[in-house]
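Down below is the structure, laid out as structure tokens.
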Amino acid sequence: MNLSPLQKARYDYAPKLPSILREPIDTIVPVKGEVTQPEADADKIAALFPNTCGIEKISFKKGKNEEIKKQRNVGVILSGGQAPGGHNVISGLFDALKTANPENKLYGFKGGPSGIIDDDTMEITDSFLAEYRNTGGFDIIGSGRTKLETEEQFQMAQKTCEKYGIKAVVIIGGDDSNTNAAVLAEYFLAHNSGIQVIGCPKTIDGDLKNDSIEISFGFDTATKTYSELIGNIERDANSAKKYWHFIKVMGRSASHIALECALETQPNICLVSEEIEKNETSLSGVVDYIASVVAKRAANGNNFGVIIIPEGLVEFIPEVKALIGELNDLLAKEAKAYGALESTEDQVAFILKNVSKKSAEVFSILPAGIRMQLLMDRDPHGNVQVSRIETDKMLIEMVGVKLEKMRQEGKYVGKFSGLNHFFGYEGRCAFPSNFDADYCYSLGYNAFMLIASDLSGYLSSVKNLSAPAAEWVAGGIPITMMMNMEQRNGELKPVIKKALVELDGKPFKYFAANREEWAVNTCFTFPGAIQYYGPTEVCDITTRTLALEQSK
């Protein structure tokens, strides 16, 4: 196997743990804390999760714990989209269970949740795991997006676990994946199966968070990766001085990635979907704002700039959101009639005839390419695939039209040339930063401690993350604490509520206080590549978002 020098060096990196998890493993005991309640819809969540709703938070302290030494087999699932650090969660889990009892075994379910259903299983050994420590990707066992929701699936999962003597399953994933974990935990408890389920919080989008889950793993590495690329583009823009770069970054449901990248790189414009929704800014209003900044910079002789756009922006623009909602309903109800239409012209005419007057007006002003992207195949929930909508190209085209109109009115005297970029997959499997390597290892180690405490339906939690790793606080929270009821495919379903950018939070307030200067002046900052070796203040630094949130 050919390895890069960095690969070889990263295999030898020793991740840092919170102080309590550095103690001899048989001297760590759980402590029950405050009783929790769901994020919303408490009565409905409690009815669906009678065994795992309303239970306590968990922390750890020093004490005698002989029970931790008993033999346990554990299974692990990587679920959903890739995020840097997943391999280290498995490494931390493996090391903890082997430290507790060398006879313990860790089994990987391949290809995501389908692995536990189909018994696509392998034992993870020390020699096999060695090639994945501190590396990016989910290729150790693969991932998938299978929903765990039917009685038959639960029975098959239980059968697989019983075959290998597995007494606990760790599901590493985002909001949907940990909803799977909550549902599976409830089923196993209701049927007295003796199988525990623990979740670990993963998503580069950063929208799986609360007071106990301060950041989801992968967010740090992904935003650092994107910020390096954005900084490189800023340097190029400031060198060539002739292009406006429209950069779309991941984040369909929240703008955490866009905001963090803006805090790291200080672009001329960063659109925050949550603010646009709150202010009910129209699509024309967004275009007018961008055009006004372009015109102001042009007046100073600066016909270049950088704009960061969150992937899910269009869903937060009120009239576009309404249009998408109508399209989702229309194309679900009239799938047969719409599917029979062969020409683009007939499809467009069908839409214009069957949506509201206001939505028809919005649909009509969109560039032709964007209109067709709205009509592409649905996602698994039956909705428009927003990630396929080229918002960056749409805005370039619409801003160009607006600027030409302003030129004719004598309000614009510059040159506008737009280039589009989309940063998504570039950040999902990067070598994890030291922060993510440490955090993920701690989450995995901590997940075993929750298992050894005979708990189920919990999410591994490590807090106080802006401090050095030794000061991090390990524990767990009930997954039901993060849940509410939402409409999915026409039915109310229990799901983990996504955390949006808080407009009254310190990160957004800092951005809002500085964006006018960044807009007109060239204030670019250049984060550079992720550093793995060197001064702590360079190599172990966390996100600007977390630093601002936890600043005194």
**OP:** List the number of the failed condition for residue 384; all other conditions in (1) of a type in the set (A, V, I, L, M, F, W, C); (2) at pLDDT 90 or above; (3) surrounded by 13 or more Cβ atoms within 10 Å (Cβ to Cβ) hold.
**Re:** (2)
Original post:
Hey, residue 383 hits all of (1) assigned to a helix (DSSP H, G or I); (2) within 34 Å of the chain's Cα centre (by Cα); (3) of a type outside the set (D, E, K, R) but one; which does it fall short on?
Top reply: (1)
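So which residues in the range 243-261 are assigned to a helix (DSSP H, G or I) and more than 26 Å from residue 319 (Cα to Cα)?
Listed by number, the residues that qualify are 260, 261.
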Subject >> Qualifying position, being at negative phi and touching a Pro at 6+ places or on another chain (Cβ under 6 Å), among 208, 189, 184, 229 >> reply: 208
Subject >> Failed item, numbered, when residue 515 is tested on (1) in a helix (DSSP H, G or I); (2) under 24 Å from the mean Cα position of the chain (by Cα) >> reply: (2)
Original post:
Is it the case that residue 394 is more than 30 Å from residue 206 (Cα to Cα), assigned by TED's automatic domain parsing to the domain that holds residue 529 and either in a helix (DSSP H, G or I) or in contact (Cβ under 8 Å) with a residue 60 or more places away in the chain (or both)?
Top reply: no
**OP:** Go over the candidates 498, 493 one by one and state the one that is farther than 27 Å from residue 25 by Cβ, basic (Lys, Arg) and assigned to a loop (DSSP other than H, G, I, E, B).
**Re:** 498
**OP:** Spot the failing condition for residue 456; the list is (1) outside the structural domain of residue 251 (by TED's automatic domain parsing); (2) part of a loop (DSSP other than H, G, I, E, B); (3) out of contact with any helix residue (DSSP H, G or I) (no Cβ under 8 Å at 6 or more places or on another chain), and only one is missed.
**Re:** (3)
Subject >> Members of the range 138-174 that are in a loop (DSSP other than H, G, I, E, B) and crowded, with 21+ Cβ neighbours inside 10 Å >> reply: 138, 140, 141, 143, 148, 174
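Every residue, every condition in (1) free of Cβ contacts under 8 Å to residues at least 12 places away in the same chain; (2) farther than 21 Å from residue 462 by Cα; (3) in contact with a Ser or Thr (Cβ under 6 Å, 6 or more places away or on another chain); (4) not aliphatic (A, V, I, L, M), yes or no:
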position: 497; (1), (2), (3), (4): no, no, no, yes
position: 503; (1), (2), (3), (4): no, yes, no, no
position: 511; (1), (2), (3), (4): no, yes, no, yes
position: 522; (1), (2), (3), (4): no, yes, no, yes
position: 527; (1), (2), (3), (4): no, yes, yes, yes
position: 551; (1), (2), (3), (4): no, no, no, yes
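Of these, 17, 21, 6, which one is under 29 Å from the mean Cα position of the chain (by Cα) and more than 15 Å from residue 95 (Cβ to Cβ)?
Testing whether each residue is under 29 Å from the mean Cα position of the chain (by Cα) and more than 15 Å from residue 95 (Cβ to Cβ) leaves just 6.
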**OP:** Just one of (1) of a type in the set (A, V, I, L, M); (2) crowded, with 24+ Cβ neighbours inside 10 Å; (3) under 16 Å from residue 401 (Cβ atoms) trips up residue 323, so point out which.
**Re:** (3)
Subject >> Subset of the range 34-83 [among the aliphatic types (A, V, I, L, M) and surrounded by 13 or more Cβ atoms within 10 Å (Cβ to Cβ)] >> reply: 42, 45, 46, 48, 55, 58, 68, 74, 76, 77, 78, 83
Original post:
Looking at the range 262-285, which of the residues that are in a helix (DSSP H, G or I) and either in contact with a strand residue (DSSP E or B) (Cβ under 6 Å, 6 or more places away or on another chain) or surrounded by 21 or more Cβ atoms within 10 Å (Cβ to Cβ) (or both) is modelled with the lowest pLDDT?
Top reply: 283
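On the basis of being out of contact with any Leu (no Cβ under 6 Å at 6 or more places or on another chain), without any contact (Cβ under 8 Å) to a residue 60 or more places away in the chain and not in a loop (DSSP other than H, G, I, E, B), does residue 239 make the cut?
Criteria met by residue 239.
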**OP:** Just give me the residues in the range 131-155 being farther than 17 Å from residue 180 by Cβ, at pLDDT 95 or above and in contact with a helix residue (DSSP H, G or I) (Cβ under 8 Å, 6 or more places away or on another chain), in sequence order.
**Re:** 132, 133, 134, 135, 136, 137, 140
Original post:
Within the range 15-24, which residues are assigned to a loop (DSSP other than H, G, I, E, B) and surrounded by 19 or more Cβ atoms within 10 Å (Cβ to Cβ)?
Top reply: 15, 16, 17, 18
Original post:
Which residue pairs have Cβ atoms closer than 6 Å, lie 6 or more positions apart in sequence or on different chains, and pair a first residue in the range 143-160 that is in the same structural domain as residue 189 (by TED's automatic domain parsing) and polar (S, T, N, Q) with a second residue that is in a helix (DSSP H, G or I) and surrounded by 14 or more Cβ atoms within 10 Å (Cβ to Cβ)?
Top reply: 146/114; 153/117; 160/116
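Inspect all residues belonging to the range 434-453 and state whether any of them is in a loop (DSSP other than H, G, I, E, B) and not assigned by TED's automatic domain parsing to the domain that holds residue 313.
yes
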Original post:
How do the pairs read when you match residues in the range 459-472 that are at positive phi with residues anywhere that are outside any loop (DSSP other than H, G, I, E, B), using Cβ under 8 Å and keeping only pairs 6 or more apart or on different chains?
Top reply: 464/471; 464/473
Original post:
With (1) in contact with a Pro (Cβ under 8 Å, 6 or more places away or on another chain); (2) surrounded by fewer than 19 Cβ atoms within 10 Å (Cβ to Cβ); (3) polar (S, T, N, Q) as the list, and residue 480 as the residue in question, which single condition is left unmet?
Top reply: (2)
Original post:
For the range 96-127, which residues satisfy the criterion of being at positive phi and small (Gly, Ala, Ser)?
Top reply: 111, 112
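Residue by residue, here is whether (1) modelled with pLDDT under 95; (2) not in a loop (DSSP other than H, G, I, E, B) holds:
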residue	(1), (2)
475	no, yes
487	yes, yes
507	no, yes
510	no, yes
522	no, no
530	no, no
**OP:** Out of the residues in the range 319-361 that are without any contact (Cβ under 8 Å) to a residue 24 or more places away in the chain and outside any helix (DSSP H, G or I), state the one that is nearest to residue 384 (Cα to Cα).
**Re:** 334
**OP:** Can you work out which of the residues in the range 299-312 that are surrounded by 20 or more Cβ atoms within 10 Å (Cβ to Cβ), in contact with a Lys or Arg (Cβ under 9 Å, 6 or more places away or on another chain) and modelled with pLDDT of 95 or more is farthest from residue 250 (Cα to Cα)?
**Re:** 304
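The values are calculated or read from the model by the stated rules, or taken from the named source; none is laboratory data. Predicted model only: the values in this text are computed from it and were never measured. Ideal geometry is used to build each Cβ from the backbone, glycine not excepted, and the neighbour counts take in all protein chains shown.
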